[in-house]
Amino acid sequence: MARDEALFAAICAGDRPGAQAAAQAALDAGASVDSLMNESLIPAMRHVGDLFESGEAFVPEMLISARAMDAVLQIISPLLVASGVQPRGRVCIGTVRGDMHDIGKNLVAMMLRGAGYEVDDLGVDCQEDKYVAAVEAGAQAVCVSALLTTTMPAMKNVVAVLRDKGLATPVIIGGAPVTQKYADEIGADGYADTAAGAVGVVARCLGVEQPE
Ligand code: B12
C-alpha cells in the first residue's frame, strides 16, 4: 500500500487531531497497521528529522510531530495487543541513559506485547540500575533503545553492569544509529533495525517459538 498523504502531512505538521482522523480513516478503509507504520508514520518522522538536520525545522517541530505520532500510536496500540494468549516471556525495555527519545522504544514495546510478551516499560533516560532491578524482578531479556550517537556508549554500560552482577540475561539493542557491528562490539546478544525485527530477536534469545 502507498503512503497515506493525509497522515504523512499531519504527522509532519504536528497536527494531532488531523493525524488521528487520517489514521482512523485509513484503518476504516482497510489499511493494515503495518502499512500505516512503515509507509506513512515512520517515514514522516524520518522526514521531520531530515528537516531538522538541514536547519529547516527545530526541536519544537520535532516535538509536536512526536506528539502527533504518539496520538496515532494510541489508536494503533489496542489493535496490536494480543488477548487471551499465554505470555511467551517477560522482557523489559528502556531508552538508554541521557536519551529522551521514546517513539521507537514504544513501538518495540507495542509489538512485543502484540506478540504475547509481558513488557516492563522502564521509560526514557534509564540509569543502568533500572535494568538490573527489572531483571531481578523477573525480566528474561533486556531491550535498550538509543537514538543519539552520544548516548549509544551508555548501552555498553548496561551490558557491563549486568555482567558484573553475574546476570547473563540477553541484552538486545536498537535505535536509528545502532548497528549489528556495534552490538557485536559491546557484547550485546541481539540487534534489530525494526520493531517487527525486535520480536524475532527476542524470540531467538529466549529460545521460544517465533510468532506467526
Ligand atoms: C522526534 C525526535 C525528537 C523528539 C523526541 C520525542 C520522543 N518522545 O521521542 C525530541 C524533540 C524530544 C528530540 C530531542 C532531541 N533530538 Co531528536 N529526533 C527526533 C526524530 C525526528 C524522530 C525520532 C523517531 O521517533 N523516529 C521514529 C522511530 C519509530 O524510529 P526509531 O526510534 O529509529 O525506532 C525504530 C528502530 O530504530 C527500532 N528500534 C528502536 N528502538 C529499539 C530498541 C530495540 C531493542 C530494538 C531491537 C529496535 C529498536 O524499531 C523502531 C521501529 O521500527 C529524529 C530523526 C530520525 N531520523 O530519527 C531526531 C534525532 C534522533 N534527534 C536528534 C537530536 C540531535 C536531538 C537533540 C539533541 C536536539 C537538541 N539540540 O536538543 C535532542 C536530544 C534530547 C535527548 N537528550 O534525548 C538527531 C540525532 C543525531 C545524532 N546523530 O545523534 C536526529 C537523528 C535528528 C537529526 N537528523 O539530526 N528529538
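Annotations for the structure displayed:
- DSSP H segments from the chain that extend 27 Å or more along their own axis, Cα-based, with Kyte-Doolittle mean of 1.0 or above: 59-80
- Rounded if a/c under 1.5, otherwise prolate or oblate - the chain, Cα gyration tensor axes: oblate
- Helix-only CD estimate at 222 nm, as mean residue ellipticity for the chain, using -39500 (n - 2.57) per DSSP H run (n ≥ 4): -16000 deg cm²/dmol
- GNM top mover of Leu73, Leu167, Leu36 - the chain, alpha-carbon springs below 10 Å: Leu167
- Packing-based order for 42-54, 111-123, using average beta carbon neighbours within 10 Å, highest first: 111-123, 42-54
- Alpha carbon convex hull of the stretch 9-128, projected area averaged over orientations, nm²: 8.1
- Dipole orientation for the chain: of the candidates Leu206, Ser35, Gln74, Leu206 has the Cα lying most toward the positive pole (charges on Cβ; Lys, Arg +1; Asp, Glu -1).
- Each part gets one Cα centre, and for the stretch 24-98 versus the stretch 137-212 those centres are 20 Å apart.
- Top of Lys130, Lys165, Lys156 by mean-square fluctuation, Gaussian network on the chain, Cα under 10 Å: Lys165
- For the chain, a simple Cβ point-charge model (Lys and Arg +1, Asp and Glu -1, everything else neutral) yields a dipole of about 440 debye relative to the Cα centre.
- Cβ-placed point charges (K, R +1; D, E -1), dipole of the stretch 89-206 about Cα centre in debye, nearest 20: 160
- Fewest neighbouring Cβ atoms within 10 Å first, the residues Thr179, Thr149, Thr169, Thr95 line up as Thr149, Thr179, Thr169, Thr95.
- For the chain, built as a Gaussian network whose Cα springs stay under 10 Å, the top-fluctuating residue of Tyr191, Tyr131, Tyr182: Tyr182
- Summary of packing: across the peptides 195-204, 101-110, the per-residue average of other C-beta atoms within 10 Å ranks them, highest first, as 101-110, 195-204.
- Taking the stretch 89-206 and dividing mean pair separation by its residue count, relative contact order in percent (alpha carbons under 8 Å, at least six apart): 28
Each value in this text was obtained by applying a stated rule to the coordinates, not by laboratory testing. These numbers were taken from a predicted model, which means no experiment stands behind them. When we count neighbours, we look across all protein chains shown, and the Cβ atoms used for this are built from the backbone with ideal geometry, even at glycine.
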